[in-house]
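Reading through the structure tokens given below for one structure.
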Amino acid sequence: MSRSAGLLFFAFLFFSSPVFAAAKIQEVDASNGAKAWLIEDHNLPIVTVRVDFADSGAAYDPKDKEGLAFFVTQMLNEGAGEMDSLALNRALEKYAIRFGVDMDEDTISVSLQALSEFKGHAFDLLSLMLNKPRFDNDAVERVRANIVSDLKQLEADPSYSASLHWKAIAFAGHPYSRPKRGTPDSIEQITRTDLQQYDRQHLLCSARRIEVVGDITAAETREMLAKLFPSFSCASGATPVRDVKIRDGGAAPIMVKEAVPQTVITASLPGVMRSDPRYYALVVLNQVFGGGVLTSRLGLEIREKRGLAYYAESDVDALEHGGWMSIHFATRREQAGNAIRIFMDEVEKMRKKGITEAELDAAKLYLTGSFSLGLDSQEALADYMAAMQRYRLGMDYLDRRNDKINAVTLSEVNTLAKDIFSHKPLVVTVGQ
Amino acid sequence: MTGRQIRLLVFFLGVLILPLTCGAFAADSRQDIETFTLKNGMQVILVPNHRMPIVTHLLLYRVGGADDFPGRSGLAHYNEHMMFQGTKAHGAGEFARIISANGGVFNAFTTRDYTGYYVNIAKEHLSLVMQLEADRMLNLDPDEQHFLKERQVIIEERRMSVENQPEALLAEEMQAMMFRNHPYHNPLIGWMQEMQALSRDDVLSFHRQFYHPANAVLVVTGDITRTELQPLAEKYYGGLPAGTPNVRHWQQEPPQRGPRHITLHNENVKQPELVRYYIAPGASSEDKALMIPEFVLAQLMGGGTTSSMYQSLVVKQKLATSVDFSYNGISVGPAMLEINAVPAVGVSLSQLEAALDKEIAASLVQVGTPDDLERAKILLKADTTYARDSMESMARIIGALVMSGLPVDYFNQWPTLVDAVTADDVHKAAVAVFKPEASVTGYLLPEEGSK
């Protein structure tokens, strides 16, 4: 592979960029209509590619076949084209290719990392895996058995129990309420035909969002795109999922009995959709409420002051059709009631008084100052760009994001706090 | 499926082939790693990466769980927690508050062999970090109530990571059986009764004994040069009284004479599991020359779906749904090879164990084909290139190597060392590790009498 003066020019531009040397995003269009967002980084001889499939994911699992989307993801490197599972995996190893899959309720994603010298082979293999999966019967049965035994292992984990029970209530009546990985029973119902159909409808025929980072040029990216997605001739026709508001809690926590010495507590409050202009105010609010483990209200009251828990935190969560705040803490059985009371007191305090100017400033300093730390690898950049594409944040988002945080006002946050914290938190406990 | 890959020391990477200067691709470049000592003898290691104007500051102390005072298991880890609870100059929570206010992300970790404190932050705040770290290195002084409160926190951590998790309970039992005399037999987090009795005096004695520059190594990765780093390190650390380097007097693990077996029943278990441990050659053992061949062996036999164990037990015989190997060769004390296998429905753990033993016996004759060996080596070598992508990973990896007594440049030597491994070396590695008398086998089962 020869180096051209053009490459050196890009590399130079890359280093002269003031805020984010690593964040000059180019949109690359291939002749077949496929597009990708590209960040060139020629410092290391590796390339990272991520592909997200729109309207795929657990929300599209048919009734009684929960876990179908997940099962499909686990089959993608179990045989493609002329290669069975063993041949395919040997090929991936021979070129030291790293292949990964991920999935949430809305989206299946696939990632690949390759050394520059093997990227041609990597793209060929990726193309096979995405376009010609085999779903060989013996591989299907072997993967089925593994998914089921993994699920049974997860059943011993009270955190997993807590999240399943919480979901079922929080999103009752909506596809998001169901277990992403299915259950041993639902996995047993899934046939090879189901897998092929799901793959056709939600992967082969789906719109894709693609990110590329690393030692590759725009021209090479264009070539790769043409190879990866030879045609776009089918329409997915997936039934759209409706938006959903998370349910409030009732008078008492939902208690799930399990013989564990430490009670695991999962709670939630309504949030906002990712596209809501109040999203940034929510991020700031969350940072104060439960974002910093040793500096937030929850962290200070539950852990730092009283030693009741090792973790006590809140997060801003978003999917394409919903947004919420989740809260997690765990404490010994005898103290669970007390910890929940403290949590509820903090909810009430937040509802009544919101946050202070000092808290607002500290949260902003942390959120803006630490932003670039989360972009410290090719994979992190690819994942971030995937979120930017998914939620249509714009190609220049990396440069605008800190301004958005800094623009949040105290009154915005406190108006939002009053709104959100007036809801009754949905609380699920797993323990004795 | 993309299930569990072999849990080789994740840190482990191979050769560095790429240049730091943009545009030019030299054939055989190594990762730039520099090291120097301060005037008080403290070692500093620098790994430059100029992609973004951020740094990782990782301060490591040559003390870990295996150094806990007798009867005081969990002390090293408790000390790590107390490092955030106040010095004479900065009260409890100040370290966290100041770093966060400067947009930094921090954390700490304790291993059996060493303890590390890291901060990822914009380059311009490096001296602030050094100031705070130098302060808490020597001036730890939390109030009494913070000791009591933080003891509760570590106890909750034990509940979360061990007592709520049947697999972890089994691992804790097996580890205690694996090391009859070596301090590795104690859990890092501590035994519950001992944790409940840990005192302020314990922490302060421990801290006074182990926390000083002679026992510390600083690793800085990211957007920094030696010209920038050295004067800062001299200013904040170089003038501190050195103290004495920690000389370890760990109890030795005597030769092991018989396989041990444990069965753990737990009412929360729905899926039986088989676990096997072997003492293995490692970075500090007499047979340390077999460490890299052990990495190759672990990859060949249990590194994923192409591995010999998976192909035999899962694909051909259908006795298991998964099997994987984990090898922690970069260790100051005795290393260990761990095998985890999940039986297929209708297969008992003793049946699975018998099949596992048959495969192990076969491996003493041959492990894989020449093609298999080549692929395993390619994978191991590539790890280093991939690792260079993350500055935080690089700090952790270099830290792990140096804390385990390996030279600073081991990272760059790795590919050559891996390349040199022959089938005969792998055979020797198998013979060295698969000694039944130096093994523990564990069965994890649902409650007796349940289905």
(message) So in region B:396-433, with the set limited to residues that are under 19 Å from B:GLY333 (Cα atoms) and more than 18 Å from the chain's Cα centre (by Cα), which one is surrounded by the most Cβ atoms within 10 Å (Cβ to Cβ)?
(response) B:ALA429
(message) I want to confirm something. Restricting to region B:61-91 and keeping residues that are in contact with a Ser or Thr (Cβ under 7 Å, 6 or more places away or on another chain) and not β-branched (Val, Ile, Thr), which single residue is nearest to B:ALA216 (Cα to Cα)?
(response) B:TYR61
(message) I need every pair where a residue in region B:37-56 that is over 19 Å from A:LEU373 (Cα atoms) has its Cβ under 7 Å from the Cβ of a residue that is among the basic types (Lys, Arg), sequence separation at least 6 or different chains.
(response) none
(message) Restricting to region A:151-199, give me the number of residues that are charged (D, E, K, R), without any contact (Cβ under 8 Å) to a residue 12 or more places away in the chain and in a loop (DSSP other than H, G, I, E, B).
(response) 2
(request) May I ask you to list the residues in region A:157-209 that are more than 14 Å from every other protein chain (Cβ to nearest Cβ) and among the basic types (Lys, Arg)? (result) A:LYS167, A:ARG178, A:LYS180, A:ARG192, A:ARG200, A:ARG208, A:ARG209
(message) It is to be established whether one or more residues within region B:216-229 are at pLDDT 95 or above and under 27 Å from B:MET177 (Cα atoms).
(response) no
(message) Going residue by residue through region B:269-286, is there one that turns out to be at pLDDT below 95 and acidic (Asp, Glu)?
(response) yes
(message) Every residue in region B:107-135 that is in contact with a Pro (Cβ under 9 Å, 6 or more places away or on another chain) and within 23 Å of B:ALA283 (Cβ to Cβ), please.
(response) B:ARG112
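Identify the residue in region A:73-91 that is of a type outside the set (Asp, Glu), within 10 Å of chain B (Cβ to nearest Cβ) and touching a residue at least 24 places away in the same chain (Cβ under 8 Å) and, among all such residues, is farthest from A:ILE187 (Cα to Cα).
Top of the filtered list is A:ALA91.
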(message) Of everything in region A:121-137, what is touching a strand residue (DSSP E or B) at 6+ places or on another chain (Cβ under 7 Å) and farther than 19 Å from A:PHE71 by Cβ? Give them in sequence order.
(response) A:ALA122, A:LEU126, A:LEU128
(message) So for region B:69-77 (the condition being within 14 Å of another protein chain (Cβ to nearest Cβ) and either in contact with a Phe, Trp or Tyr (Cβ under 8 Å, 6 or more places away or on another chain) or closer than 30 Å to B:HIS185 by Cβ (or both)), does at least one residue qualify?
(response) yes
(request) Take the residues in region B:348-385 that are of a type in the set (Val, Ile, Thr) and within 12 Å of chain A (Cβ to nearest Cβ), then tell me which one is surrounded by the fewest Cβ atoms within 10 Å (Cβ to Cβ). (result) B:THR369
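Suppose we filter region B:78-121 for residues that are of a type in the set (Asp, Glu) and more than 11 Å from chain A (Cβ to nearest Cβ); how many remain?
The total comes to 2.
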(request) Tell me, yes or no, whether region A:404-419 has at least one residue that is closer than 17 Å to A:PRO277 by Cβ, part of a helix (DSSP H, G or I) and touching a Phe, Trp or Tyr at 6+ places or on another chain (Cβ under 7 Å). (result) yes
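Please find, within region A:23-58, the residue that is modelled with the highest pLDDT out of those that are at the interface with another protein chain (Cβ under 8 Å from one of its Cβ atoms) and crowded, with 22+ Cβ neighbours inside 10 Å. So that I can check it myself, show each step before the final result.
To start, the set of residues in region A:23-58 that are at the interface with another protein chain (Cβ under 8 Å from one of its Cβ atoms) comprises A:41-46.
So of that shortlist, the ones also crowded, with 22+ Cβ neighbours inside 10 Å come out as A:41-44, A:46.
Details: A:ASP41: 92, A:HIS42: 93, A:ASN43: 89, A:LEU44: 93, A:ILE46: 97.
Checked region A:23-58; the qualifying residue modelled with the highest pLDDT is A:ILE46.
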(message) Restricting to region B:184-201, count the residues that are surrounded by fewer than 20 Cβ atoms within 10 Å (Cβ to Cβ) and in a helix (DSSP H, G or I).
(response) 7
(request) Scan region A:293-314 for residues that are of a type in the set (S, T, N, Q) and either surrounded by fewer than 19 Cβ atoms within 10 Å (Cβ to Cβ) or in a loop (DSSP other than H, G, I, E, B) (or both) and report the count. (result) 2
(request) Return yes or no: is B:GLU294 within 12 Å of another protein chain (Cβ to nearest Cβ), within 25 Å of B:SER331 (Cβ to Cβ) and in contact with a strand residue (DSSP E or B) (Cβ under 6 Å, 6 or more places away or on another chain)? (result) no
(message) If B:ASP371 meets every condition in (1) of a type in the set (Asp, Glu); (2) in contact with a helix residue (DSSP H, G or I) (Cβ under 7 Å, 6 or more places away or on another chain); (3) free of Cβ contacts under 8 Å to residues at least 24 places away in the same chain apart from one, which number is that one?
(response) (2)
(message) Take the conditions of a type outside the set (Lys, Arg), within 11 Å of chain A (Cβ to nearest Cβ) and either on the phi > 0 side of the Ramachandran plot or surrounded by fewer than 22 Cβ atoms within 10 Å (Cβ to Cβ) (or both) and apply them to B:ALA168. Does it pass?
(response) yes
(request) Please enumerate the residues belonging to region B:137-150 that are in contact (Cβ under 8 Å) with a residue 12 or more places away in the chain and more than 7 Å from every other protein chain (Cβ to nearest Cβ). (result) B:MET137, B:LEU138, B:ASN139, B:LEU140, B:ASP141, B:PRO142, B:ASP143, B:GLU144, B:HIS146, B:PHE147
(request) Could you look through region A:358-383, keep only residues that are touching a Leu at 6+ places or on another chain (Cβ under 6 Å) and modelled with pLDDT of 95 or more, and pick out the one that is surrounded by the fewest Cβ atoms within 10 Å (Cβ to Cβ)? (result) A:LEU360
(request) Test B:GLU228 against the criterion of being surrounded by fewer than 20 Cβ atoms within 10 Å (Cβ to Cβ), outside any loop (DSSP other than H, G, I, E, B) and in contact with a Gly (Cβ under 9 Å, 6 or more places away or on another chain), and give yes or no. (result) no
(request) Go through A:LYS63, A:LYS94 for me and flag whichever is facing chain B (nearest Cβ under 8 Å) and either over 20 Å from A:CYS205 (Cα atoms) or at pLDDT 95 or above (or both). (result) A:LYS94
(message) Going through A:VAL293, A:VAL256, A:VAL284 one at a time, which residue ends up being within 14 Å of chain B (Cβ to nearest Cβ) and over 25 Å from the mean Cα position of the chain (by Cα)?
(response) A:VAL256
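Being in a loop (DSSP other than H, G, I, E, B), within 11 Å of chain A (Cβ to nearest Cβ) and either surrounded by fewer than 18 Cβ atoms within 10 Å (Cβ to Cβ) or more than 27 Å from the chain's Cα centre (by Cα) (or both) is the requirement here; does B:VAL345 meet it?
For B:VAL345, the condition - in a loop (DSSP other than H, G, I, E, B), within 11 Å of chain A (Cβ to nearest Cβ) and either surrounded by fewer than 18 Cβ atoms within 10 Å (Cβ to Cβ) or more than 27 Å from the chain's Cα centre (by Cα) (or both) - is met.
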(message) Tell me yes or no: at least one residue of region A:322-332 is within 12 Å of chain B (Cβ to nearest Cβ), in contact with an Asp or Glu (Cβ under 9 Å, 6 or more places away or on another chain) and among the aromatic types (Phe, Trp, Tyr).
(response) yes
(message) Here's a check for you: in region A:259-273, which residue that is within 14 Å of chain B (Cβ to nearest Cβ) and in contact with a Gly (Cβ under 6 Å, 6 or more places away or on another chain) is surrounded by the fewest Cβ atoms within 10 Å (Cβ to Cβ)?
(response) A:VAL260
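The values are calculated or read from the model by the stated rules, or taken from the named source; none is laboratory data. These figures come from a predicted structure and were not determined experimentally. All Cβ positions, even for glycine, are placed from backbone atoms using ideal geometry, and neighbour counts span all protein chains on display.
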